[in-house]
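The values are calculated or read from the model by the stated rules, or taken from the named source; none is laboratory data. No experiment lies behind these values; they were computed from the predicted model shown. All Cβ positions, glycine included, derive from the backbone under ideal geometry; neighbour counts span all protein chains shown.
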Amino acid sequence: MNRCGTVWALLLPLLVPDVFAADLWKDAPFEPTDVRMELVRLSEHCYYVQGQAGAATDNQGFISNAGVVITDEGVVVFDALGTPSLGWQLRQKIRQLTDKPVVKVIVSHYHADHIYGLQVFKSEGAEIIAPDGALAYLTDEAAESRLRERRESLFPWVNDDTRLVSPDLINRGSHRFRLGGLSFLVSVIGSAHSHGDQILQVIEDGVLFSGDLIFEGRIPLVAGSHPQAWLEGLETLPTEGLQALVPGHGQASRKPGEAIAFTRDYLRHLHDGMAAAVEDLTPFEEAYAAMDWSAYQHLPAFVANRLNAYYVYLGLEAESMDE
């Protein structure tokens, strides 16, 4: 294909997505969705799809992001979205741009909104690479409980055929590989937002996929996390040479330092306010009401803010009793 033809092959699905919609679900093994999903190009090889801000079951489960890196030797996917149907939809979007197979899926962390689409790519033969800590999630009864709940709250897109997919490779520190002339670096950050979190850098393109270590333009979900480790992990995120950062939720940023600062500053605000309350023996409700939330209260998912604050308060209170 000449250069002009290549350009049109890339642009046509973005310019006239409805042309492809009729065939998207033809012979699909999963329940169709009607959510809008478009691959946004970030660099020569890197793309992402952006879920809408909302609760886990909003937008037919499409609330998180996924990344796609297309090379001459195959495709690397970062996260697999929150239902098999969404994973299938993502796979069809990739097929509109390339006939190369998906050879690897890098899982940022094992939370339901990022992993239920894995079975789509596993059935294709893709290698699933997860961070240390993923097995702790998979062996926890809470994972099965969450799946049972989603089979009801996200039915029919999550149903009895939806299964948890175990990784083929556990990354315990850093994992490097090359594919199609590109260098990939997968780095484990540790137990921060989840049992285990990792990031992906596409070196030549200067793109970082951060998973839920970064939330852009919306309130992060802190309940269930390890807030202090999360803060420490953010300090290790690379910024030099980055052209774009793709968060786990929210729009990709061309100013990675600012994107990191937003999540970091929110976590620090939570920690410092709740730490002062615990030290002064101030009851939670009084402390929460006294804090200044004006920088965040206009953002999507602010409904989770009280739960976040209470989670941090209880954690710091428990730590103070152990001292």
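Here's the yes/no breakdown for (1) among the aromatic types (F, W, Y); (2) farther than 30 Å from H45 by Cβ; (3) modelled with pLDDT of 95 or more:
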{"site": "E127", "(1), (2), (3)": "no, no, yes"}
{"site": "A130", "(1), (2), (3)": "no, no, yes"}
{"site": "L138", "(1), (2), (3)": "no, yes, yes"}
{"site": "W157", "(1), (2), (3)": "yes, no, yes"}
{"site": "D161", "(1), (2), (3)": "no, yes, yes"}
{"site": "P167", "(1), (2), (3)": "no, no, yes"}
{"site": "I170", "(1), (2), (3)": "no, no, yes"}
{"site": "G196", "(1), (2), (3)": "no, no, yes"}
{"site": "G211", "(1), (2), (3)": "no, no, yes"}
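Just for region 247-273: of the residues that are more than 18 Å from the chain's Cα centre (by Cα) and of a type in the set (K, R), which one is farthest from F62 (Cα to Cα)?
R268
Determine whether R172 is farther than 25 Å from R254 by Cα and either buried (at least 20 other Cβ atoms within 10 Å of the Cβ) or among the acidic types (D, E) (or both). If you could, list the steps in order and put the result at the bottom.
Values: farther than 25 Å from R254 by Cα: yes; either buried (at least 20 other Cβ atoms within 10 Å of the Cβ) or among the acidic types (D, E) (or both): no.
Answer is no for this residue.
Somewhere in region 248-267, is a residue more than 23 Å from E216 (Cβ to Cβ), of a type in the set (A, V, I, L, M, F, W, C) and surrounded by fewer than 20 Cβ atoms within 10 Å (Cβ to Cβ)?
Within region 248-267, not a single residue is more than 23 Å from E216 (Cβ to Cβ), of a type in the set (A, V, I, L, M, F, W, C) and surrounded by fewer than 20 Cβ atoms within 10 Å (Cβ to Cβ).
Out of all the residues in region 25-49, which are buried (at least 17 other Cβ atoms within 10 Å of the Cβ), touching a strand residue (DSSP E or B) at 6+ places or on another chain (Cβ under 7 Å) and part of a loop (DSSP other than H, G, I, E, B)?
Across region 25-49, the qualifying residues are M37, L39, L42, H45.
Applying the selection to region 23-62, what residues are in contact with a Pro (Cβ under 8 Å, 6 or more places away or on another chain), among the acidic types (D, E) and under 17 Å from Q96 (Cβ atoms)?
E38
Any idea how many residues of region 294-317 are under 14 Å from P227 (Cα atoms) and of a type in the set (A, V, I, L, M, F, W, C)?
So the answer is 5.
In region 300-323, how many are outside any helix (DSSP H, G or I) and either closer than 15 Å to H269 by Cβ or over 23 Å from the mean Cα position of the chain (by Cα) (or both)?
Counting residues in region 300-323 that are outside any helix (DSSP H, G or I) and either closer than 15 Å to H269 by Cβ or over 23 Å from the mean Cα position of the chain (by Cα) (or both) gives 1.
Need pairs with beta-carbon distance below 9 Å; first residue acidic (D, E) and within region 168-181, second assigned to a strand (DSSP E or B); sequence gap 6+ or separate chains.
D168/E127; D168/I128; D168/I129; D168/A130
For region 161-185, which residues satisfy the criterion of being touching a helix residue (DSSP H, G or I) at 6+ places or on another chain (Cβ under 8 Å) and either more than 22 Å from E124 (Cβ to Cβ) or part of a strand (DSSP E or B) (or both)? Show your work before the answer.
Filtering region 161-185 down to residues touching a helix residue (DSSP H, G or I) at 6+ places or on another chain (Cβ under 8 Å) leaves 161-167, 170.
The answer is I170, and nothing else.
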